[in-house]
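Worksheet: one structure, shown below.
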Amino acid sequence: MNIYLTGLIWVFGAAIVTAGVAYLIRRIGETQGTVDNNEAAGQVFTIVGGLHAVLLAFVLISLFDATSAAEDTSYREAENLIAARWAADSLGEETAAEVRTLSADYVTTVAEQEWPDMAAGNDDVSGNGWSMLERMRAAVAKAPANDDWQNNQKIDAANKLWDVYQARQERLNAAGNGISDVLWFALVAGSVMSVALPLLFGGPRPVTHIVIVSILAGTLSLLLFATHQLQNPYSGGAKVEPSAFESAQARLQ
């Protein structure tokens, strides 16, 4: 289903349900004295709503940063792999050929096998990416260095492969982090309480009251939908694509 259509269902669904509840409360509930409760309910709503707004803002900002960092990490991993491949070209034909083959297989494995696993929220990906990286490291480590220039290239290749290792680990960790069940409980419960408190308000214009609480419910639902879409940087509406590795595939041919 289209992400925009899904978002509209979340928003309008929450708004309609809340409007129905508000209508029933104003229609069949106790109305006498509700206006007198507005001040007390408003003070509680200010505290609950404020705390919930801070929590939602913190979570969304963290998720936005995580998605941006995941994209940067993927490019850093691919670029360091290419740099390691280029440095290995100076370490003799045997080493260069082995690293050339392994690096091409590595980017293909990441783009075609690991990315679907990460999109499903798994950090234990299929394929033998770790093994390929280890074999590249071993090939560089055993390569002979006949002069200072080759020795510098060997060190550079080893350092770039270490950077690939670190970026790879960060990429896999991002796929498995997500949002914990405890945090989801706090977000959903806080949203429900933030909507429930205004339902206790009273006033002479029930239609206005219903519209206000409906808009509040729709807004909170929208923020929860955004949180749901951003919890895994490799899936959802703002997902990171394997563009870095697809580009590296072409460059490593």
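Observations on the structure shown:
- Modelled spin labels at residue 196 and residue 163, positioned 7 Å past Cα toward Cβ, are 5.3 nm from each other.
- C-alpha long axis of helix 148-177 to longest principal axis of the chain, angle in °: 20
- A Förster radius of 25 Å combined with the Cβ-Cβ distance from residue 101 to residue 69 puts the calculated FRET efficiency at roughly 0.25.
- Fraction of accessible area attributable to carbon and sulfur, region 87-195 (%, probe 1.4 Å): 51
- Probing with 1.4 Å while keeping every protein chain in the model, the per residue accessible area of the chain equals 54 Å².
- Angle in degrees between helix 3-28 and the longest Cα principal axis of the chain, rounded to the nearest 10: 20
- For residue 91, the residues 5 or more places off, or on other chains, whose built amide H falls under 5 Å of its own are 96.
- Relative contact order %, the chain, counting alpha carbon pairs below 8 Å whose residues are six or more apart: 39
- Residues in region 114-125 carry Karplus couplings, in order, of 6, 5, x, 5, 5, 5, 7, x, 9, 8, 8, 7 Hz; the curve used is 6.51 cos²θ - 1.76 cosθ + 1.60 with θ = phi - 60°, and Gly or Pro positions show x.
The values are calculated or read from the model by the stated rules, or taken from the named source; none is laboratory data. Fair warning: this is a prediction, and the values are worked out from it, not measured in the lab. Methodologically, a virtual Cβ is constructed for each residue, glycine included, from the backbone with ideal geometry; neighbour enumeration extends over all protein chains shown. These area figures cover heavy atoms from the full protein model, side chains too; ligands, DNA and RNA do not enter into them. Shrake-Rupley method; radii C 1.70, N 1.55, O 1.52, S 1.80 Å.
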